[in-house]
Amino acid sequence: MAADGHEHAARVQAHSAIIGPGHTYGSVTDKLGEIVLTTTTPRGWFVGFALGFLLLQLFFMTVPYLIFKGVGIWGINIPVGWGFDIINFVWWIGIGHAGTLISAILLLLRQEWRTSINRFAEAMTLFAVSCAGLFPLLHTGRPWFAYWLLPIPNTLPLWPQPRSPLVWDVFAVTTYFTVSLLFWYVGLIPDLATFRDRAKHRLLQITYGVLALGWRGSAIHWHRYETAYLLLAGLATPLVVSVHSVVSFDFAVGIVPGWHSTIFPPYFVAGAIYSGFAMVLTLTIPIRKIYGLEDFITMRHLRNMANVMLATGLIVAYGYLMEAFMGWFSGNPYEGYAQWNRMTGPYAPIYWTLILCNILVPQALWSDRVKRNVPALFVVAFIVNVGMWLERFVIIPVSLHRDFVPSAWGMYYPTFWDWTMFLGTIGLFLSLMFLFIRGLPMISIFEIRALLPRGEKAQLPPGRQAPTPAAGA
Amino acid sequence: MSLAPPLYGLMAEFDTPEAVLAAARRAYARGYRRMDAYTPFPVEGLSEAIGFQHTCLPLLVLIAGLVGAIVGFASQYYATVIDYPLNVGGRPLNSWPSYIPITFEVVILFAALTAVVGMIALNGLPMPYHPVFNVPAFSGASRDRFFLCIEATDPLFDREATQRFLEGLGPREVSEVEQ
């Protein structure tokens, strides 16, 4: 083949490849296994984990005090009964949605690029949902009675009220957590077997061996495994849509102006995916750098994630526009006032910052130059994370603080303990994330092997460089 | 003979998924039925090549989903209509549209649990010991090697003839698998 043909192929490769050139089954296994099965940990890991662990101390400080004193240490009041606790709940659970989208929906759509980031995103889902679940649990005030939310036959002739969206939420979130955990664990089994076979230390061999359940890669097992994985993806896809729809029902089923809207379910789901992809980018960009994973999380991954962010961001923008339009078009004075109050009331700066973060800044992603610039992508993703948090602030306390009659109006200000609780869950999330990276394969090794170009030539013995494969082969 | 450890089977080691797939097809064509292939990632068509046609897992998942629908709906009906009826302004007790979200979540929960538990159980996992792990090179099955193992229980199995057959498939190596 002509030399410039090769050159062209290499250039195409650099921009669109899912995996860097020259990898074999063995080399990806070594490279990805080495991240965990090594005695040296990169300094960046310690920095990240230390940050998470420091913030985690705020969590350990706040929760006992909260249980001791009660939710009065938060800024919630009447009329604003839902403050940071519910904002953070919705924010965290939204972040989780990208993980399921990447692992389930992109699997069904045969988007092979998902393979490098799905494991990582699934772990993110799991930890984000754990953080999310803590808020309503602690918001109940007496979390030791939280089991009343479950339909357990008890000595009180008492059942949860299944007509209430809050009870739907309990079922949606617990199911979501369970299914995410199953999906993540099933994906891990073959890689745990790899670790079992490669670990040097006896204790690690036993630990990974027990977790791998004796997986031996039998063709018949793979057959059932793939069937189960596909079925799980098919089940998780409607589930993820239902979860944030149910979260939005917490608001939309109520009569509060600014909440009572049929656009809530679709726009909540889009917002969830938006914030989730922003979080995946915020986390993968530094981690890819720390671990030198540019061969596996390539520019194509970053660009695709930026595109998903741009698309879902536009859906969210449409949602804001429709909310404002319906406030005017409905002719309902309360609805109109709620919208007007968002834009010009005491919390107007938050509303306009939200518009800046969620609508204006992400438009930079239309530019190919921004999408190729990794630090710029990181900044945009971070701003979207902030914007999505502000969105929930605008929806929740800003809708509540002006009740139907002015005598019931009030203001909401977060307290010190609101902030420590929020930062504390960020610490919990980061700590779990970094522990996961250190102890488990953050990139699905067996799926990467399956993505490698096939054929005798691609799997030459070490020492002989494999030819550059065509993109998407 | 009685001193030698009983044989589980003979195992051939290959470098590529194509090679193990071709070998499995030839072994099946030769009449071998009790065999299995071991690969570091799913190889399309390999389970069919060794004669495994279908799994009942999707059916189990469907049944679990239907059971979930019944359990989900019936438990809400029981709680609100039979066990603790609460008259709110004369509205019907069986307010079924409100029961749909929870019914849906229970369907997903039951089906997903069945998919995972069913897959693990049908695969006979967890299995802490299996003879194939006695082959030293077998750790490559979770890295970059592909194995085909013809088991000694196969009616056509013959220590020498099977060894010759496997060697004719162009493997890296043929090893005995001790029981």
Candidate set: region B:98-124, residues that are hydroxyl-bearing (Ser, Thr, Tyr) and in contact with a Gly (Cβ under 9 Å, 6 or more places away or on another chain); chosen: the one nearest to the other protein chains (Cβ to nearest Cβ): B:Tyr99
Looking at (1) of a type outside the set (Phe, Trp, Tyr); (2) touching a Phe, Trp or Tyr at 6+ places or on another chain (Cβ under 7 Å); (3) at pLDDT 90 or above, can you tell me which one A:Pro151 breaks? (3)
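Would a scan of region B:87-97 turn up a residue that is more than 30 Å from A:Gly214 (Cβ to Cβ), of a type in the set (Ser, Thr, Tyr) and facing chain A (nearest Cβ under 8 Å)?
From region B:87-97, those more than 30 Å from A:Gly214 (Cβ to Cβ) are B:87-97; that's our starting set.
Filter once more, so that each one left must be of a type in the set (Ser, Thr, Tyr): B:95.
Imposing the further condition that a residue be facing chain A (nearest Cβ under 8 Å) reduces the set to B:95.
Checked region B:87-97: at least one residue is more than 30 Å from A:Gly214 (Cβ to Cβ), of a type in the set (Ser, Thr, Tyr) and facing chain A (nearest Cβ under 8 Å).
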Within the bounds of region B:62-73, is there any residue that is in contact with a Phe, Trp or Tyr (Cβ under 8 Å, 6 or more places away or on another chain), touching a residue at least 60 places away in the same chain (Cβ under 8 Å) and either surrounded by 23 or more Cβ atoms within 10 Å (Cβ to Cβ) or on the phi > 0 side of the Ramachandran plot (or both)? no
Expected single match for of a type outside the set (Val, Ile, Thr), touching a residue at least 40 places away in the same chain (Cβ under 8 Å) and facing chain B (nearest Cβ under 8 Å) among A:Leu158, A:Leu182 is A:Leu182
It is to be established whether one or more residues within region A:103-110 are crowded, with 24+ Cβ neighbours inside 10 Å and touching a residue at least 12 places away in the same chain (Cβ under 8 Å). yes
Being more than 8 Å from chain B (Cβ to nearest Cβ), surrounded by fewer than 23 Cβ atoms within 10 Å (Cβ to Cβ), touching a helix residue (DSSP H, G or I) at 6+ places or on another chain (Cβ under 9 Å) and closer than 28 Å to B:Ala115 by Cβ is the requirement here; does A:Ser130 meet it? yes
For region A:201-216, what are the residues that are among the small types (Gly, Ala, Ser) and more than 7 Å from chain B (Cβ to nearest Cβ)? A:Gly209, A:Ala212
Tell me which residues, restricted to region B:157-176, are within 19 Å of B:Asp15 (Cα to Cα) and either in contact with a strand residue (DSSP E or B) (Cβ under 7 Å, 6 or more places away or on another chain) or not in a helix (DSSP H, G or I) (or both). B:Gln163, B:Leu166, B:Glu167, B:Gly168, B:Leu169, B:Gly170, B:Pro171, B:Arg172, B:Glu173, B:Val174, B:Ser175, B:Glu176
Determine whether region A:160-169 contains at least one residue that is of a type in the set (Val, Ile, Thr) and farther than 23 Å from A:Leu231 by Cβ. yes
Is it the case that A:Phe251 is touching a residue at least 60 places away in the same chain (Cβ under 8 Å) and more than 11 Å from every other protein chain (Cβ to nearest Cβ)? yes
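Inside region A:162-174, can you point out the residues that are under 19 Å from B:Asp83 (Cα atoms) and surrounded by fewer than 15 Cβ atoms within 10 Å (Cβ to Cβ)?
Within region A:162-174, just A:Ser164 meets the criteria.
Residues checked against (1) within 14 Å of chain B (Cβ to nearest Cβ); (2) in a helix (DSSP H, G or I); (3) among the β-branched types (Val, Ile, Thr); (4) under 21 Å from A:Ile355 (Cα atoms):
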{"position": "A:Arg224", "(1), (2), (3), (4)": "yes, yes, no, no"}
{"position": "A:Thr227", "(1), (2), (3), (4)": "yes, yes, yes, no"}
{"position": "A:Val240", "(1), (2), (3), (4)": "yes, yes, yes, no"}
{"position": "A:His244", "(1), (2), (3), (4)": "yes, yes, no, no"}
{"position": "A:Ile255", "(1), (2), (3), (4)": "no, no, yes, no"}
{"position": "A:Trp259", "(1), (2), (3), (4)": "no, no, no, yes"}
{"position": "A:Gly271", "(1), (2), (3), (4)": "no, yes, no, yes"}
{"position": "A:Pro286", "(1), (2), (3), (4)": "no, yes, no, no"}
{"position": "A:Gly292", "(1), (2), (3), (4)": "no, no, no, no"}
Please determine whether any residue of region A:69-87 is closer than 15 Å to A:Phe183 by Cα and touching a residue at least 12 places away in the same chain (Cβ under 8 Å). no
Quick one: which residue in B:Ala69, B:Ala137 is more than 8 Å from chain A (Cβ to nearest Cβ) and farther than 30 Å from A:Ile445 by Cα? B:Ala69
Sole exception among (1) surrounded by 17 or more Cβ atoms within 10 Å (Cβ to Cβ); (2) more than 25 Å from A:Gly187 (Cα to Cα); (3) at pLDDT 80 or above for A:Phe68, by number: (1)
Could you identify the single residue in A:Gly234, A:Gly271, A:Gly254, A:Gly214 that is modelled with pLDDT under 90 and either over 26 Å from A:Met326 (Cβ atoms) or surrounded by 18 or more Cβ atoms within 10 Å (Cβ to Cβ) (or both)? A:Gly214
Which of the numbered conditions does B:Met127 fail, given that it passes all the others? Conditions: (1) of a type in the set (A, V, I, L, M); (2) at the interface with chain A (Cβ under 8 Å from one of its Cβ atoms); (3) surrounded by fewer than 20 Cβ atoms within 10 Å (Cβ to Cβ); (4) more than 28 Å from A:Ala193 (Cβ to Cβ). (4)
Determine whether region A:186-200 contains at least one residue that is surrounded by fewer than 20 Cβ atoms within 10 Å (Cβ to Cβ), under 24 Å from B:Ser47 (Cα atoms), at the interface with another protein chain (Cβ under 9 Å from one of its Cβ atoms) and modelled with pLDDT of 90 or more. yes
Turns out the helices (runs of 4 or more DSSP H) fully within region A:394-456 with at least 2 residues that are within 14 Å of chain B (Cβ to nearest Cβ) are A:445-451
Test B:Ala115 against the criterion of being out of contact with any Ser or Thr (no Cβ under 6 Å at 6 or more places or on another chain), touching a residue at least 24 places away in the same chain (Cβ under 8 Å), surrounded by fewer than 23 Cβ atoms within 10 Å (Cβ to Cβ) and part of a helix (DSSP H, G or I), and give yes or no. no
Filter region A:144-155 down to the residues that are assigned to a helix (DSSP H, G or I) and surrounded by fewer than 17 Cβ atoms within 10 Å (Cβ to Cβ), then identify the one that is nearest to the other protein chains (Cβ to nearest Cβ). A:Trp148
Do any helices (runs of 4 or more DSSP H) entirely within region B:1-101 hold 2 or more residues that are closer than 30 Å to B:Pro155 by Cβ and over 18 Å from the mean Cα position of the chain (by Cα), and if so, which? B:17-30
Quick one: is A:Gly141 at pLDDT below 90, in contact with a helix residue (DSSP H, G or I) (Cβ under 7 Å, 6 or more places away or on another chain) and facing another protein chain (nearest Cβ under 7 Å)? no
Conditions (1) more than 9 Å from chain A (Cβ to nearest Cβ); (2) under 21 Å from B:Val116 (Cα atoms); (3) of a type outside the set (A, V, I, L, M, F, W, C); number of the one not met by B:Pro58: (1)
Of A:Val240, A:Val210, A:Val246, the only residue that is free of Cβ contacts under 8 Å to residues at least 40 places away in the same chain and of a type in the set (Val, Ile, Thr) is A:Val210
Does A:Leu188 qualify as being within 30 Å of B:Trp96 (Cβ to Cβ) and not basic (Lys, Arg)? no
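The values are calculated or read from the model by the stated rules, or taken from the named source; none is laboratory data. These numbers come from a predicted model, not from an experiment. Neighbour counts run over all protein chains shown; Cβ positions are idealised from the backbone, glycine included.
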